[in-house]
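Quick notes on the structure that follows.
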Amino acid sequence: MKSQSDAFSDLVEALKVLPNVGPKTAQRMAFDLLQHHRTGAQRIVNTLQTALEQVQHCRLCNTLCEGDLCSICSDKTRDVSRLMIVQMPVDVFSMENAHCHDGLYFVLAGQIQPTQNQDLQSIALEQLLARITEHAIQEVIIATDFTAEGNATAFILFELLKRFPIKISRLSQGMPLGSELEYIDAGTLAQAVYERKSMQ
Ligand SMILES: [Zn+2]
């Protein structure tokens, strides 16, 4: 890349923050944007700038939204007694798409790595515990991924939450190990919620 300008190299470096984009792909994307899609590139700049300014974490559930509260937390028709815990904002989207949960959500925004020192700081546990003690929650549904990390996170959550007088359940275990919620089809996801198992 010696012949390329610094601006080009900086763009390639910046594109590498995207998921599953390595140096080669980033370089190809940079060439493509600058050669063939300059209008589209400007649109990405503008919309990304606006999204960065306006999209933030919901004060209650931690998902991404515009404003202080997301549309689900603001919806008075939702069942406030049931709280579903998911790992990422995209999981809320998958669950809503499956139309299988009319309660509220809490987004951990992370997971626990079972192979490393369990880094409880990396997920929003304090915020979750405050949510459970301050609201009239009767059932917590743990909807973490069916991966080693998701299972470890579910186990830690159960250990933390079992002291509360609430029902704790987890999605039914019909999925192959390694399944992430995001990639499970809506019908299968809905079935896993309806057939959820109590963790007691
Ligand atoms: Zn919310």
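Please treat every number below as a calculation from the coordinates, not as lab data. Since this is a predicted model, take the numbers as computed values, not measurements. No Cβ is skipped: glycine too gets one built from the backbone with ideal geometry, and neighbour counts run over all protein chains shown.
In whole Å, largest first, what are the principal axis extents of the Cα atoms in the chain?
So the three principal-axis extents are 65, 38, 33 Å.
Report the local net charge at E180: Lys and Arg +1, Asp and Glu -1, summed over other residues whose C-beta lies under 11 Å from its C-beta. All intermediate terms of the calculation are to be shown ahead of the outcome.
Values: positive: none; negative: D91, D145, E149, E182.
Cβ neighbours under 11 Å give a net charge of -4.
Quick one: grab the alpha carbon gyration tensor of region 117-196, order the square roots of its eigenvalues as a ≥ b ≥ c, and give me rounded if a/c is under 1.5, else prolate or oblate depending on whether a/b is larger than b/c.
On the way: a/c = 2.19, a/b = 1.37, b/c = 1.60.
Verdict is oblate for region 117-196.
If you add up the charges near M199, with Lys and Arg at +1 and Asp and Glu at -1, over every other residue whose beta carbon is less than 12 angstrom from its beta carbon, what do you get? Don't jump to the answer; show the numbers that get you there.
Details: positive: K162, K167, R170, R196, K197; negative: E139, E159.
Neighbourhood net charge equals +3.
By count of other Cβ within 10 Å, fewest leading, how are L189, L177 ordered?
On the way: L189 25, L177 11.
Exposure proxy ranking, most exposed first: L177, L189.
What is the fewest-to-most order of T39, T147, T153 by other Cβ atoms lying within 10 Å of their Cβ? Walk me through the intermediate numbers first.
Numbers: T39 7, T147 18, T153 24.
Arranged by neighbour count, lowest to highest, T39, T147, T153 become T39, T147, T153.
Taking the DSSP beta bridges in the chain as the whole, what percent of them are antiparallel, to the nearest 5?
Numbers: 6 of 19 bridges.
The antiparallel fraction comes to roughly 30 percent.
Classify region 6-55: rounded, prolate or oblate, from the alpha-carbon gyration tensor (a ≥ b ≥ c, eigenvalue square roots; a/c under 1.5 rounded; otherwise prolate if a/b is larger than b/c)? Spell out each step's value before the answer.
Numbers: a/c = 2.06, a/b = 1.37, b/c = 1.51.
Oblate.
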